[in-house]
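Questions regarding the structure given below will be posed in turn.
The values are calculated or read from the model by the stated rules, or taken from the named source; none is laboratory data. Values in this document were obtained by computation on a predicted structure and should not be read as measured data. Glycine gets a Cβ as well: all are built from the backbone with ideal geometry, and neighbour counts include every protein chain shown. To get the accessible areas, we keep the full protein, side chains included, count just its heavy atoms, and leave off ligands, DNA and RNA. Shrake-Rupley method; radii C 1.70, N 1.55, O 1.52, S 1.80 Å.
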Amino acid sequence: KILSSSIFNSIKFPMICKPKEWKKSHIKSNNDYGNKGNYITEIGGYLLEEFNELNNNNTIVRLNSFNKTDSIISDSQVNTINFLDSRGFKINKDVLKFVKEEWEDDNSKLFKGFNRLHEFTDIIYENNNLNSNIKNEILSHNSKYWVYKNIINIATLFQNQIIYFPTYLDFRGRIYPT
């Protein structure tokens, strides 16, 4: 029922096992993914390479157009990413219960109306000459509705699991979940 009630992007699911560790060497090899004396010898994160590729998680430091040079990766950064990746999380069932009750409440103070599709959703499909500002308002509202609904459904799906979030560095050294 949960999976059929919304559209999931499985790439954004948390993991139910620890992510693979990133491995680094100061010696260049034929399989390195690194630069300037810091060679990633094994890509960490998702267990399946397809998910790493789809998430651009094939480097420990995400590439960015502002990053004009290769990033030097320290042992501390690799160890930090591996440490964070190994931390498991649990869904707080009391909070989830509260959120789900608020989701069902038409007068929810938490969701402020975003727990329902916009009241004029149907006119988007019925009226091709709809004012673009009104159309954007409806689409923006519905986008928030679907994001909240997906988060609640994912939390419900994983409420009895220990979950993990693979992390990565940006070119400034900030850490983000995938």
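What residue, of Lys112, Lys135, is within 28 Å of Asp94 (Cβ to Cβ) and free of Cβ contacts under 8 Å to residues at least 24 places away in the same chain?
Exactly one of Lys112, Lys135 is within 28 Å of Asp94 (Cβ to Cβ) and free of Cβ contacts under 8 Å to residues at least 24 places away in the same chain, namely Lys112.
Continuing with the same structure: Every residue in the stretch 70-114 that is open to solvent by 100 Å² or more (accessible area, probe 1.4 Å) and assigned to a loop (DSSP other than H, G, I, E, B), please.
Residues satisfying the conditions are Ile72, Arg87, Lys90, Asp106, Asn107, Lys109, Lys112.
Might you check whether a residue that is at pLDDT below 95, of a type in the set (S, T, N, Q) and over 26 Å from the mean Cα position of the chain (by Cα) occurs anywhere in the stretch 81-98?
No, the conditions are met nowhere in the stretch 81-98.
While we're on this one: Taking the residues in the stretch 134-178 that are modelled with pLDDT under 95 and in a loop (DSSP other than H, G, I, E, B) as candidates, determine which candidate is surrounded by the most Cβ atoms within 10 Å (Cβ to Cβ).
Within the stretch 134-178, the match that is surrounded by the most Cβ atoms within 10 Å (Cβ to Cβ) is Pro166.
How many residues are open to solvent by less than 90 Å² (accessible area, probe 1.4 Å) and either touching a helix residue (DSSP H, G or I) at 6+ places or on another chain (Cβ under 7 Å) or hydrophobic (A, V, I, L, M, F, W, C) (or both) if we restrict to the stretch 119-133? Steps first, please.
Restricting attention to the stretch 119-133, the residues satisfying the condition of being open to solvent by less than 90 Å² (accessible area, probe 1.4 Å) are 121, 123-124, 127, 130-132.
Cutting the leftovers down to either touching a helix residue (DSSP H, G or I) at 6+ places or on another chain (Cβ under 7 Å) or hydrophobic (A, V, I, L, M, F, W, C) (or both) gives us 121, 123-124, 130.
So the answer is 4.
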